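Trainee: What follows is a single structure, and I will ask about it in a moment.
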Amino acid sequence: QVQLVESGGGLVQAGGSLRLSCIASGLTYMFYRMGWFRQAPGKEREFVAAISWSLGNTDYADSVKGRFSISRDNAKNTLYLQMNSLKPEDTAVYYCAVGVGTDLVRLPQQYTNWGQGTQVTVSS
């Protein structure tokens, strides 16, 4: 069974940086898509970024393109989200997720396993 554990959230001032990590266990297939999503209070969960676990190609939401970078370390079974130039509107609970397949998709329904989430708060 796939399990995901996020870490790295916290409180940061606008313009600052954070790096989120997500350790994955139970990955038995060759092809996975890994994604980061976020959910702010009163809002729906939204796509942030995705990466193909085997191919390394990436996709980003327009709102974070140029500021966030998704990467993975296959040897450590760890997914990362480097967040730079943070804005107050980036405040949310951030979740990592995994789905089977190589195509990068943005719909939460295409991801089958989720972490517990980590809070990111950006103060103005």
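The values are calculated or read from the model by the stated rules, or taken from the named source; none is laboratory data. Because the structure is a prediction, the values reported are computed rather than measured. Positions of Cβ are generated from backbone atoms using ideal geometry, with glycine treated the same way; all protein chains shown enter the neighbour counts. The protein model used for the area step is the full one, side chains on, heavy atoms only, and it has no ligands, DNA or RNA in it. Shrake-Rupley method; radii C 1.70, N 1.55, O 1.52, S 1.80 Å.
Trainee: Once you put a point 7 Å from the Cα of Gln3 and another 7 Å from the Cα of Thr112, both along the Cβ direction, what distance in nm separates them?
Mentor: Between Gln3 and Thr112, the label points sit 1.8 nm apart.
Trainee: Continuing with the same structure: Would you mind computing, in nm to one decimal, how far apart the modelled labels at Ser25 and Lys65 are, each placed 7 Å from Cα along Cα→Cβ?
Mentor: 3.8 nm
Trainee: Could you derive backbone 3J(HN,Hα) for the range 48-55 from the dihedral phi with the Karplus parameters 6.51, -1.76 and 1.60 (θ = phi - 60°), listing whole Hz in sequence and x where the residue is Gly or Pro?
Mentor: Karplus-based 3J(HN,Hα) across the range 48-55 equals 10, 7, 9, 8, 7, 4, 8, 9 Hz.
Trainee: Note down the magnitude of the dipole of the range 9-122 about its Cα centre, charges +1 on Lys and Arg C-beta and -1 on Asp and Glu C-beta and zero elsewhere, to the nearest 20 debye.
Mentor: That gives the range 9-122 a dipole magnitude of about 140 debye.
Trainee: Oh, and also: Loop-only trypsin sites (Lys or Arg not before Pro) in the range 1-64, please: DSSP not H, G, I, E or B, and at most 16 other Cβ atoms within 10 Å.
Mentor: Filter output for the range 1-64: Lys43, Arg45.
Trainee: Within the range 1-73, list the chymotrypsin sites (Phe, Trp or Tyr not before Pro) lying in a DSSP loop whose Cβ has at most 13 other Cβ atoms in a 10 Å radius.
Mentor: Answer by residue number: Tyr29, Phe31.
Trainee: Tell me, what HN-Hα J-couplings in whole Hz come from the Karplus equation 6.51 cos²θ - 1.76 cosθ + 1.60 at θ = phi - 60° for each residue of the range 61-68, using x for Gly and Pro?
Mentor: 5, 4, 5, 10, 4, x, 10, 9
Trainee: Could you look at the chain and say what percent of its accessible area is carbon and sulfur, using a 1.4 Å probe and all protein chains?
Mentor: Solvent-exposed carbon and sulfur of the chain make up 48 percent of the total.
Trainee: Percent relative contact order of the chain, based on C-alpha pairs within less than 8 angstrom and at least six residues apart?
Mentor: Averaging sequence separation for qualifying contacts and normalising by length gives 36 percent for the chain.
Trainee: Where is the GNM fluctuation largest for the chain (alpha-carbon springs, 10 angstrom cutoff): Gln39, Gln82, Gln109?
Mentor: Taking springs between Cα atoms under 10 Å, the residue moving most is Gln109.
Trainee: Further, regarding this structure: If you take the alpha carbon radius of gyration of the range 1-100 and divide it by 2.2 N^0.38 Å, what ratio comes out, to two decimals?
Mentor: 1.04
Trainee: Loop only by DSSP, 13 or fewer other Cβ within 10 Å of the Cβ. Give me the chymotrypsin sites (Phe, Trp or Tyr not before Pro) in the range 81-123 that pass, ordered by residue number.
Mentor: none
Trainee: Quick one: putting +1 on the C-beta of Lys and Arg, -1 on the C-beta of Asp and Glu, what dipole do you get for the range 64-124 around its Cα centre, in Debye to the nearest 20?
Mentor: 100 debye
Trainee: Follow-up question, since we're still on this one. Keeping all protein chains in place, calculate the accessible area per residue for the chain (probe 1.4 angstrom), answer in Å².
Mentor: Per-residue accessible area for the chain comes out at 51 Å².
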